[in-house]
1. Using a 10 Å cut-off around each Cβ of peptide B:144-151, what is the average number of partner chain Cβ atoms that fall inside?
2. Answer rounded, prolate or oblate for chain A, using the Cα gyration tensor with square roots of eigenvalues a ≥ b ≥ c: rounded when a/c is under 1.5, else prolate when a/b is larger than b/c, else oblate.
3. What FRET efficiency do you get for B:L47 and A:R10 if R0 is 60 Å and r is their Cβ-Cβ distance, rounded to the nearest 0.05?
4. Among B:198-211, A:84-97, what's the highest-first ranking by average C-beta atoms within 10 angstrom per residue?
5. Can you send over the solvent-accessible area of B:R68, 1.4 Å probe, protein chains only, in Å² to the nearest 10?
6. For A:D194 and A:L62 in one chain, what is 0.36 nm times their gap in residues minus the Cα-Cα distance, to one decimal in nm?
7. Quote the FRET efficiency, to the nearest 0.05, computed for B:T36 versus A:L83 with a Förster distance R0 of 35 Å and r equal to the Cβ-Cβ distance.
8. Considering lysine pairs in segment B:60-273 that are 8 or more places apart or on different chains, how many have Cα atoms under 28 Å apart?
Amino acid sequence: MSAQTQAASRKAQWKEGALGYLFLAPSLLVFICFLFYPMLRSIYLSMTLTDPRGRVADFVGLDNFKDLFSSGQFFTNLKVTLLFVLLTVPTTIIWSLVLAALTHNKLRGMKAFQFVFSLPIVISVGTGSIIWSLLFHPTAGMLNYFIGFIGISPISWLADPNWALVSVSLMTVWMNMGFVYIVLLSGLQGVPDDLYESAKIDGSGPVRTFLQIVLPLLSPTLFFVLIVSVIGAFQAFGQIHILTKGGPMDTTNVVVYSIYQDAFINFRFGIGSAQALVLFAIILALTVFQFKVLEKKVHYQ
Amino acid sequence: MMLRRLNYTVLYIVLALLALMVLYPIIFTVFSAFMTEKEVSVFPPPLFPHHLYWGNFAKAVQTIPILRFLLNSLIVSAAIMACQAVTSAMAAYAFSFLQFKLKNAMFLLYLSTMMIPWEVTVIPNYLTIKSLGWMDSYQGLIVPFMAGAFGVFLLRQFFLQLPHELFDAAKIDGCGHLRTFFSIVLPLARPALSTLCVYVFLNHWNSYLWPLLITNKPTMRTVQIGVAMLQHEEVMAWNLILAGVSLVLLPSFLLLALGVKQLIQGITAGAVKG
């Protein structure tokens, strides 16, 4: 290759490289300004005390974290969060899995049922919470009216400390089931049809076929749904803000809501950032744990 | 055979009951929106409105600036959707068809953005928007979301599946990268782009926390915040509140009806990748 063509190809290479970064520039700029920089600033803020405008007043090192871990409040909030995850994630997945299993067949009218069970996907947390706040109404709500039929006395859903978290979870399961149902149904559609046939020939009933043959094949999808749902449940905010505001008696005060209160109502940005980082670490650890422990049981084809 | 038919009947009955349970909150919302104040004030309220009473919608629009909220949400969601389509397509093209230094490292960097949760970035971002003087502005609602890693991955996946011969032919014809991008890749990527658009639009139409923090003025509020405020209007009758909720849900339902395939493709693309 002559020196001239070498120089030309180097120039072309350089031009392509420049074009590459030009194409990345817009998204990269947004990520730097609104993801990477805030991530670092969060770490810095968590070690400071700020004035209400967010200006750093004092550098306090790890004091915010010490305060968090020595106060019972943070652990109470953490317990509520874990309880919320346990109340919503398994329920949503099992409920959606049952619906997906029942509607995954070629019977007439299944498309309509599939549409209905996917429908909650369009419900936003804002509209969903408003609808349920009316359904939950202690005296005029339809939920108490319906449970009256089966002889249960009225429950003051959102105002009763024993029921508030259950109520919020009920609404959350309903709101999230559309997404989980869609993902699980399309996972089921990926299971080859001849598998059902050969299971039938072998004399396996539908329930056994589902548990022993379909479920293992579905495990990658279930694993994905589990990871996403756990992360989502740890970050639930809107329904708590609208329905209970953390009450009654802090029984629905999840960590994310307490971050909101500390940072945006009391303007204590330092302690808010510290809580956010601790929560992030917990979610990250749990996700890594799920990958390490559960993924071994996942059957990838 | 008899047994099987019986089984099917049971299945249909069970499914119909379950469907009714899932659908009930939506039925309740839509039906109540058409009831008169007299109808909703009895307990238990009638299951069906006696006739379709449209007055609630007019009244809801008069009492709260719901049309303004709808307009704000439409502007914000559409702008974010358009920006993400552009920025994602550009980045995806670079990752699929261009060679440049540190390409793999950059790709990992993009991947890592998916790991950063909003609760960590929300406080600094709020402070940034405040110091820029962007509170109560469209910029404040739009700019932080002008790019997203999900779109980059979705489109990159699609670009890499396009037939290679096409690009070799374009290269031989002396077609540069810019022209290839605009006149070959973008038109071919229409299915993936529409998937991304439906997904992003719906996500931001439904977003709650960020608009709650960034807007204070009623004229800048988005629908989700606006509709949540209805709850505190003690004087508001339920039929009015639910008429407002129905108005907010309407665009989402239309979008679902028109783009259900795109939406499901988007979700499952995420599922397969994840």
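The values are calculated or read from the model by the stated rules, or taken from the named source; none is laboratory data. This one's a predicted model, so the numbers in the text were calculated from it and none came from an experiment. In this analysis, Cβ positions are derived from the backbone assuming ideal geometry, glycine residues included, and neighbour counts consider all displayed protein chains. Areas reflect the complete protein model, heavy atoms only, side chains present, ligands, DNA and RNA absent. Shrake-Rupley method; radii C 1.70, N 1.55, O 1.52, S 1.80 Å.
1. 4
2. Because a/c hits 1.5 or more and a/b fails to exceed b/c, chain A counts as oblate.
3. 0.20
4. Order by mean packing, descending: B:198-211, A:84-97.
5. Accessible area, nearest 10 Å²: 90 Å².
6. Here the segment from A:D194 to A:L62 would lengthen by 41.5 nm.
7. So, using R0 = 35 Å, E works out to roughly 0.25.
8. 6
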